[in-house]
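Worksheet: one structure, shown below.
The values are calculated or read from the model by the stated rules, or taken from the named source; none is laboratory data. Please read these numbers as outputs of a predicted model, since none were measured by experiment. As a convention, Cβ positions derive from the backbone with ideal geometry for all residues, glycine included, and neighbour counts pool all protein chains shown. Just so you know, the surface numbers come from the protein's heavy atoms only, side chains and all, with ligands and any DNA or RNA stripped out. Shrake-Rupley method; radii C 1.70, N 1.55, O 1.52, S 1.80 Å.
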Amino acid sequence: MNVKYSDSKLQSLPFMNVNLDLDERVEDLLSRLTLAEKFKLSSGKLMWHTKPIRRLGVKSFTMYDGPHGVRPDAMGEIKSTYFPSVICRASTWDSKLSYEFGKSVAEEVREVGAHMLLAPGINIQRTPMNGRTFEYQSEDPYLNKVLAVATVKGIQSQKVAACVKHYICNNQETNRLTVNSEVSERALQEIYYPAFKATVQEADAWSFMTCYNKVNGIYGSENYNLLREILMKKWGFRGFTVSDWNATAYTNTAECVKAGLSLEMPTAKKYSKKNMKNSFNEKKFTIDEINENIRRLLRVMFLVGLFDDEETLPKGSRNTPEHQELARNIAEDGIVLLKNKGGLLPLNIENVKKIAVIGPNKNFRLGGDILSGGGSSVNYPPYEITPLEGLRDKCKNKVEIIEDPSIADITVIFAGLNHNHGMDSEGEDKEEFGLPLEQVKLIKETTQKNSNTIVVLISGSPIEMEDWIELVPSVVEAWYGGMEAGTAIANVLFGDVNPSGKLTMTFPRKLSDSPAHSSKRSYPGNDKVFYDEGIFVGYRHFDTKNIDPLFPFGHGLSYTNFTYENLTINKEKMREDDTIKVSVGITNTGKIMGKEVVQLYIQDVESSIERPPKELKGFKKISLKSGQMETVVFELNKDDLSFYNPIENSWVVEKGKFKILIGSSSRDIRLEGKLEYS
Ligand code: BGC
């Protein structure tokens, strides 16, 4: 069995034959592996690699972080494009940009010789205090799903595996390694599963990363129900699972194998040779079970071309002007204009003489430094344009940049957070909901000196603003905008780019308004964190409880105006297999070109169990010139009206009335229509 092949003999083995069917190649290779080799393939080495099986020409499969760019080494020797943080990309509400991001970052993965990107992270933003909020997309399952599918498709278009993480209910960093997320089946089905499921069913994701935490009492890496039953059997996942780095720490070898964990990373622990052997000899798992896990891993190795002639694979590219331009486009389209009283923005470069640029984040460099840089999502860009540099460049020879607000026409304060521990960072949650006190003081003092003060937030999660928001006319959420952030911000402030980003997460007025913060057991919990809010996450909670948020889900202003009219629904009644067409005319009635995110929500008017007053079921981002009109069309079917019934343990749609709500945000509904399911 343990034959050592010559190179030419190896080339003639069936699994090396590119003309053979993928599954035949996989089965052939699997049949040639010894049990010891299967054990060897089950765990990683040197942080980012699998172990090669030289005898059979199985090379190392290499995987790197992360969600904002590829990081092949911890020291930053190898530079790569630093894209905007995930929350910024999501705030574009533009699935094309997510696809392009996925494709471009995968080109960089290819270029550095790797096979898998440890992204996208798609955990639901359950609380604004989660240290990794900036790495995730949304509080809403529908938006999360659309963007996740596009990202995975983009990544895999380059024959690079996406690794969808962290499966599942890894919604906080406090006690992340051990906490037990206690969550109801209905909340899993309606809120937490949909995006993960869609990456399997709509994008054929090649890999899933298991979470550190327990879900309803069982760790993610040994959770038979989550992995084998739901992911593999129910959803039809054909890829392989990999543990989060050391997420197997408190698990059991055989339980992980049986649950379907293919690969333990970063090194062998529960899957060490000894543990595997003993466990197997004691008949704690079967040959079929280990075969199934390895089969899945091999299949992806074939898919990424590990056995193919390098010449035939996409070459990839890194740090190209195209990637940098994409990073800037995402940053520009993800910036959210939160408030703009009196139309202070955009600034007119011809009229402004002096701008005071102040605040702790004006010189902020976001990339680099893995330890104080937000954790695993960090990468090292070849350059980075800070907010101040972006403004300097824009103002060159036209506007003087100074530091004293009292003699300036306009003051821009770059406030916000950073990736230090206790802020937007991995491994710990945020310590405070508000800005650091010295920043609040700075804002207050500055507005006394200059009423034309704009606050630009560089941050990755909702922040409390109650004690200063009324003092400033304009507030811009610029997120962590990647290597081109400074240029993107300057373009938005001066109107070269009309802002079109919309919030993917509700900004509460105070933390206690937020659904996970009703008690200590629901956040941060202790050994257990109880998801007591159930399906009422994000705006579903604010709407149900009638709480006024600071800025609602879907909110984001523009420098132009859009009118919504002529809502038409092509049928009044929907039956089982019908697809309903909903159309609405959007006109740009302002003076400049702009982009609008048209949002469709449904409301179940009569329901046997409680449902949220509004659920997002469609959105379209359109670009309109001044005066231009476009008809936006949405399609709805019965799935869009359904909910998960925990009594029947299934998705159901009940006969009766529904409302269709079309708006510019979840709290700015412009048109309402009716539909009946019969
Ligand atoms: C993070 C993952 C990351 C992995 C490898 C873990 O701590 O949770 O998101 O991909 O490390 O760096």
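Points to keep in mind about this one:
- Per the Cα gyration tensor, the stretch 611-678 maps to an equivalent ellipsoid with semi-axes of 29, 12, 12 Å, ordered largest to smallest.
- Per-residue ellipticity at 222 nm computed for the chain from its helices equals -6500 deg cm²/dmol, with DSSP H segments shorter than 4 residues left out and the rest contributing -39,500 (n - 2.57).
- Paired Rg and Dmax values of the stretch 434-514, which use every Cα atom, in angstrom: 13.5, 38
- Accessible area per residue for the stretch 283-431, computed on protein heavy atoms with a 1.4 Å probe, is 42 Å².
- A compact globular protein would have a Cα radius of gyration near 2.2 N^0.38 Å; the ratio found for the stretch 321-412 is 1.27.
- Note that the stretch 570-585 has calculated 3J(HN,Hα) couplings of 6, 9, 7, 10, 10, 10, 2, 9, 6, 10, 9, 9, 10, 10, 8, x Hz, one per residue in order, obtained from phi through the Karplus relation 6.51 cos²θ - 1.76 cosθ + 1.60 (θ = phi - 60°); glycine and proline are x.
- Cut-off under 5 Å, modelled amide H: who pairs with Val497 long-range: Val492
- Carbon/sulfur fraction of accessible area - the chain, other protein chains in place, 1.4 Å, %: 48
- The stretch 522-625: Cα Rg divided by the 2.2 N^0.38 Å rule of thumb: 1.41
- Alpha-carbon spread of the stretch 321-528, three principal axes, descending order, Å: 59, 41, 27
- Kirkwood hydrodynamic radius (C-alpha pairs) into Stokes-Einstein, the stretch 20-312, 25 °C and 0.890 mPa s, D in µm²/s: 129
- Residues whose placed amide H lies under 5 Å from that of Phe562, excluding near-sequence neighbours: Thr589
- When the alpha carbon gyration tensor of the chain is reduced to an equivalent ellipsoid, the three semi-axes, largest first, read 43, 30, 24 Å.
- Nearest-10 value in Å² for the accessible area of Ile218, using the 1.4 Å probe: 80
- Two tests apply to each whole DSSP H helix in the chain, Cα reach of 15 Å or more along its axis and mean Kyte-Doolittle hydropathy of at least 0.0, and the ones passing both are 141-156, 287-303.
- Short-range pairs are left out: with C-alpha atoms under 8 Å and at least six residues apart, the relative contact order of the stretch 501-546 is 35 percent.
- Relative contact order [Cα under 8 Å, 6+ residues apart], the stretch 20-312, whole percent: 20
- Thr92, Thr544, Thr447, ranked by accessible area, largest first (probe 1.4 Å): Thr544, Thr447, Thr92
- For the chain, the relative contact order is 14 percent, taking Cα pairs closer than 8 Å that sit 6 or more residues apart in sequence and dividing their mean separation by the residue count.
- Of all stretches in the chain that contain no GluC sites (Glu not before Pro) in a DSSP loop with at most 14 other Cβ atoms within 10 Å, the longest one is 78-281.
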